[in-house]
Amino acid sequence: MMKSLLRASALAVVLSLSGCGSSSAPVDDAAGGAGAKWFDYERAEEFAGMKQMPEQKVEMSDGVKLSVKVALPTDAEGNVANFPLPVILTQTGYNKSLATVIPAFPTFNSFFVQRGYAHVAVDVRGTGVSEGTWEAFSAREQEDYKEIMDWVAVQPWSNGKVGTWGPSFMGITQIFTAAHQHPAHKTVFAIVPMGDAYRDIVFAGGQVNAGFIPLWMLLVTGLGVLPAEPDPATLLISLDHALDAVLQFQVPTIVNALTGGQDRNYDSEFWRTRSPIEVADRVKIPTFIVGGLNDIFQRGEPMLYEVIKRNTTTKLLVGPWQHLGASTGAGLPVDGVPDLNHIALMWFDKYLKGLNTGAERVPNVTQFLSGEGHYSIASDWPHPKASAERWYLRGNKDLTREQPAADEGSNVALSFPLAGVCSLSTSQWTAGLLGVIPLPCLQGNNNINELPLIGAVTYTTAPMDEDYYINGPIQADLWISSLATDAGIAARITSVAPNGTSTELTNGILTASLRMVDESRSRKLNGVMIQPWHPYTEASRQMLKPGEPVLSSVEIFPTSTVIKKGHSLRIAIGTADFPHGLPPVSDLLNQLLGTLTIRSDAEHPSSVVVPAVPLSAIETPR
């Protein structure tokens, strides 16, 4: 029977090398640049099934033992392959053992295993049934990633070539693992990974993400104590770990953030240690990154691509997704972009099996264009043909290319701390969970958040004479004042249909006292700053002087969209985007007592800068 396993494996390799295992091969040699197009890749299963092997405990250098499971391919009689295979490694905080009772749980991917891979899943320390205390991507946890790689590389079922795969938590661990530059680690397929822990998600704009952070910590803890194993002792271990994590890490972290504790409230070594973007320049192996237009890591995914591409073959795919949809590549294949498993197989077959799949020649960047409703490809991100275009907020609430006159009036946004509670961003920052509720405001309709009683002030262009293509990060340069010593600023970019429906595209928030910008780390297009970089340190804080106007540059997360002919571009300015942003108690008290005045005159020309791309640059994926 083992001969049949070997014969099947050898046959699949021969078919793949001859090109019979995939559809038409690409003809362009530009390695993802000009002229590159998508193509599908698939080959037949080598093996009839997959078997999860018994749990093992692997001891780390500090004595903590991590729980590991291995899935191996089997023949039709259930015999496990007993020869070395390339390995796919997934390191998770979501209790790998749930795959035992929930077949669809994202631990093991039978699609890969049945095509000749071993798949290894690991509970990171303090999660699932691994020992230790969970501290979310701590330096010690990152050391574990390397030590697990040491172990995987020398197992009898491993041929010493390892790729990493998985979404969300499992995508983040991949970037940290690759930064170790372990010789066995050959490639990364990171689905919805985080870039900058502070700016992407936890404290965007200097405000606590009260929508996602408690939900995420509850998810890690809750999944860890689900009874995936029938052993009562295992359940007790999980409960003990969960209690440790709650008392030693989760509660102190949340309380610190909400109350304004100095060691968590500002950007610091604590957050930088947990930010893959800080080590992304050490990633030297081929990397594929999947993101979503309204993912929780919408900001960081293209920035990871931007750093890693300097050192190795790197691809970026951004779909029309929030977090859960992006994790599976929902809706693919479409527009010539293949199913996510097919893409990953192409990637692993190239970099783990050495097959000529053409993976390096698919387009470097593939993005869904909202408004257009289709995918487009480009040779790079930000789009090479993007240029900064500035639109001015006018006293009459128009948005125009012409600067305001000296005597134009201001507009006032009322302080409303719960603004945004029913919005696209609420769905986004709960990872898409609330998006299943059939309320228009959770699906993107922003009209309710633009009502004067909720405090938003809107500025709108005239209907577009032709389609208007935007691709990249956006910056709102707002001259604001308040009678209070601080203010919250929430900016939403929307597309307004001829019937008045305002559809949210992307958003940004900022605590005004944390408005200081480090221009040396900010992004510019044709000399114009378009993505401000705020230090978010205690030393950078500048309190407002009541009534005195100051320039506050709000970072609005990147998007790719087409404002269709007859539609209008709008920016809506308010004081809050709850629960995406909740100021710590100390900041909130400083903000509650005043409204937000938005200046629009020649001396204080508030504006929004967008990365405009010629329509001729829209290129289809196939």
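For first residues located in region 340-358 and without any contact (Cβ under 8 Å) to a residue 60 or more places away in the chain and not assigned by TED's automatic domain parsing to the domain that holds GLY292, partners that are assigned to a helix (DSSP H, G or I) and crowded, with 24+ Cβ neighbours inside 10 Å and lie 6+ apart or on another chain with Cβ distances below 9 Å do not occur. Applying a threshold of 7 Å to beta carbon distances and a minimum spacing of six or more residues, or different chains, the list of pairs starting in region 579-603 at a residue that is in a loop (DSSP other than H, G, I, E, B) and ending at one that is modelled with pLDDT under 70 reads PRO584/ALA257; PRO584/LEU258; PRO584/THR259; PRO584/GLY260. Just to be sure, is GLY371 touching a Lys or Arg at 6+ places or on another chain (Cβ under 6 Å), on the phi > 0 side of the Ramachandran plot and of a type outside the set (Lys, Arg)? So GLY371 passes the test. Just one of the listed residues (LEU544, LEU582) is crowded, with 18+ Cβ neighbours inside 10 Å and either at pLDDT 95 or above or at positive phi (or both), and it is LEU544.
The set of residues from region 349-368 being farther than 23 Å from GLY336 by Cβ and out of contact with any Lys or Arg (no Cβ under 7 Å at 6 or more places or on another chain) comprises LYS353, GLY354.
In the set (1) among the hydrophobic types (A, V, I, L, M, F, W, C); (2) modelled with pLDDT of 90 or more; (3) closer than 30 Å to VAL87 by Cα; (4) surrounded by fewer than 23 Cβ atoms within 10 Å (Cβ to Cβ), PHE189 fails one condition alone, (4). For the condition crowded, with 18+ Cβ neighbours inside 10 Å, farther than 14 Å from LEU569 by Cα and at pLDDT below 90, what is the one hit in GLY432, GLY472? Only one candidate passes the filter, namely GLY432.
Being more than 25 Å from ILE277 (Cα to Cα) and out of contact with any Cys (no Cβ under 8 Å at 6 or more places or on another chain) narrows it down to one of TYR117, TYR198, so name that one.
Among TYR117, TYR198, only TYR117 is more than 25 Å from ILE277 (Cα to Cα) and out of contact with any Cys (no Cβ under 8 Å at 6 or more places or on another chain).
Within region 154-182, the residues that satisfy the criterion of being among the aliphatic types (A, V, I, L, M) and surrounded by 18 or more Cβ atoms within 10 Å (Cβ to Cβ) are VAL162, MET170, ILE172, ILE175, ALA178, ALA179. So for region 377-391 (the condition being closer than 30 Å to PRO583 by Cα and touching a residue at least 24 places away in the same chain (Cβ under 8 Å)), does at least one residue qualify? So far as region 377-391 goes, yes, one or more of its residues are closer than 30 Å to PRO583 by Cα and touching a residue at least 24 places away in the same chain (Cβ under 8 Å).
Looking only at region 530-540, decide whether some residue is assigned to a strand (DSSP E or B), surrounded by fewer than 21 Cβ atoms within 10 Å (Cβ to Cβ) and either modelled with pLDDT under 95 or out of contact with any His (no Cβ under 7 Å at 6 or more places or on another chain) (or both). No, region 530-540 has no match at all. Residues of region 76-98 that are within 20 Å of LEU345 (Cβ to Cβ) and buried (at least 18 other Cβ atoms within 10 Å of the Cβ): ALA81, LEU85, PRO86, VAL87, ILE88, LEU89, THR90. Of a type in the set (Asp, Glu), at pLDDT 95 or above, in contact with a Phe, Trp or Tyr (Cβ under 8 Å, 6 or more places away or on another chain) and crowded, with 21+ Cβ neighbours inside 10 Å: is that true of ASP349 in this structure? So ASP349 passes the test.
The values are calculated or read from the model by the stated rules, or taken from the named source; none is laboratory data. As the structure is a prediction and not an experimental result, all values here were calculated from the model. Every residue, glycine as well, gets a Cβ built from its backbone with ideal geometry; the counts of neighbours run over all protein chains shown.
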